[in-house]
Every structure is written in C-alpha cells, then in structure tokens.
1. Among the residues of the stretch 209-219, is any under 18 Å from the mean Cα position of the chain (by Cα) and either at pLDDT below 90 or not in a loop (DSSP other than H, G, I, E, B) (or both)?
2. For the stretch 185-208, name all the residues that are small (Gly, Ala, Ser) and at pLDDT below 50.
3. Given the residues LEU151, LEU133, which is the only one that is at pLDDT 80 or above, over 16 Å from the mean Cα position of the chain (by Cα) and among the hydrophobic types (A, V, I, L, M, F, W, C)?
4. In the stretch 74-100, what residues are surrounded by fewer than 16 Cβ atoms within 10 Å (Cβ to Cβ) and either modelled with pLDDT under 90 or among the aliphatic types (A, V, I, L, M) (or both)?
Amino acid sequence: MDYIPTEFDDDINVTPVHPLINLGYLLGTVFVFGLVVFGSLGAIGAHLAAHMGPQTEANIGKALVGDFLEDKAAPADLGAAEDTRPEYLKKLILSFYATGSKPRLPLQVYIVEDALPNAFILPGGHIFVTSTLLEQAESENELAFVLAHELGHFEARDNLKGLGRSLVFITLASLLDFGGSSSGVINSTINLSSMSYSRTQEAQADAFALRAVVQKYGHSGNSLDFFRRLEQQKDLPVPEIELLSSHPLTENRIESLEKFARDRGMKTTGPATALPERLECPSFKPCPN
C-alpha cells in the first residue's frame, strides 16, 4: 500500500481573526512607533535649542516678539516709550540677580492690555505683563514672585526647549501642507511652545522665584497672596483661575511652595513692600477717564 500524505489547509492551527482586528493591530503598532519617533525627535530638538547661542536666541526672540505684538494689540497699548512702568518692572526683575551677575541677554519688558492678570516670557528675554496684573497686584512681593517665576523659565531655557520641540510640529506641518495653510499651525505652535511647560519645569520655576523673593526681601511673606486670591475664585461661573492657563494653579502648588520654604528654613512672614502709587496707570500718572 502506498503512503499518501494528508494535505492540510493553510489555515490549520490558526485562530480565525476578523480583518478589522488585524487592521487595528497594524494601526496601533504604527501609532506607537510614530509616538516613539516623534517623542525622540522632540527631545533632540529641545536639547539642541537649549544650547543655542545668545545671538541666535536674540534673533529668534526678535522675530517672535514682532509677530506677537502685531497680533496682540495696537502699538499704543504696548507700553509706549513715554511709559516708565516697564523700566520699573525691569529693575525689579534685575534685582533678583546677585551682585555682579546679569542675564545672558538684555531683558525687555512690555505691558499689554488684557482682561486677564498674567505674565509670560518669550525666547530672547522678552517679558510680557498684562495691565490687569498690575491693577490687581496688592504688594510688590506678590508681583515680584510672578516676575521671578518667569525669570526662572528664562534662566532654565524652558521656552527654548519648548521651541525646539515645536520645530518638529512645524516641520511636519510644512511637509503635510498640501493646501498652503501651515502658517496658522506654526503660529499656534509657537504660542504653545513659549507658554506651556511641564509640571517639573513649573515646580523648578516656582522654587527659583521663592528663592529670589526671599533673597530680595528677607522673607517669603505676601509673595503667594496673588495665587491665594485666584485659588478662592476657582469656582466662579467664569473661573478667573484660567487666566494663568499657561501656569496651572492648584492648591497643591501653593502647599508645595509653603513646604519648600519650611524645609529650607526660609522665613515665611514679614512686612509687605508697597507698590508704587498708580502702578495701573502709564508712567504712574493719574489714569485718564
């Protein structure tokens, strides 16, 4: 008798799987791989941007500020040359540096009209302070903390790192821009990179600010009052807590700062330093009606 081997179907010992499931696995793999590659490129971009030279940073900052001011408000609203308040704010910021130290680039301060009390910094040392922040500040201590926080981001080059990561978005947007509409994506990406930081970066900027305030005033008293007032307003129908959306405010953040001060033996009480009169008005003169 001749042996005749049995012919097996190709699908034997293979569990039937719906084609859509296989497609899902494939898409998931591609997605995860894309995230890994994209994240790696972003990290490389952040590293390279953080090590750019001062002149390159200054040139980038100048370009970004020009675009921002053009979109933000009319020149009359940007702290005109005759307004002396930006100079006061700049001196306050520079007072955080130890004797003999100075920022890697000249700092520029702008006052912009905005309904929300806020401050932020763009690459190149361009610090923006909103008119409402000046109106609502009740002591120099709390204003100093907000400004020192931004200086902490500048010294840590956080906005440069964000800008480096955003280059990945910009490059991809340009490559995929079949309709010529990438400019809006690029502008929004620059905003995001300049004003959005990780929790670690925020905590480090807070620590920098607290040290700077204690070094200047000898204590941290009153420096967190502005944030405490915002915390009390977080449940309003139109929560003003969102006004510092670039710097998320939580009760834990305040508690962490208080603990940071206690753990390092910082003096946490002391007199409040008064603000200049009529800080809310250009050149500290009576505000026009």
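1. Of all residues in the stretch 209-219, those under 18 Å from the mean Cα position of the chain (by Cα) come to 209-210.
Of the ones still in play, those that are also either at pLDDT below 90 or not in a loop (DSSP other than H, G, I, E, B) (or both) are 209-210.
Yes, that holds for at least one residue.
2. First, pick out the residues of the stretch 185-208 that are small (Gly, Ala, Ser): 188, 193-194, 196, 198, 203, 205, 207.
The answer is SER188, SER193, SER194.
3. LEU133
4. Across the stretch 74-100, the qualifying residues are ALA74, PRO75, ALA76, ASP77, ALA80, ALA81, GLU82, LEU94, ALA98, THR99, GLY100.
The values are calculated or read from the model by the stated rules, or taken from the named source; none is laboratory data. Everything numeric in this text was worked out from a predicted model, so none of it was measured. Cβ: placed from backbone, ideal geometry, glycine included. Neighbour counts: every protein chain shown.
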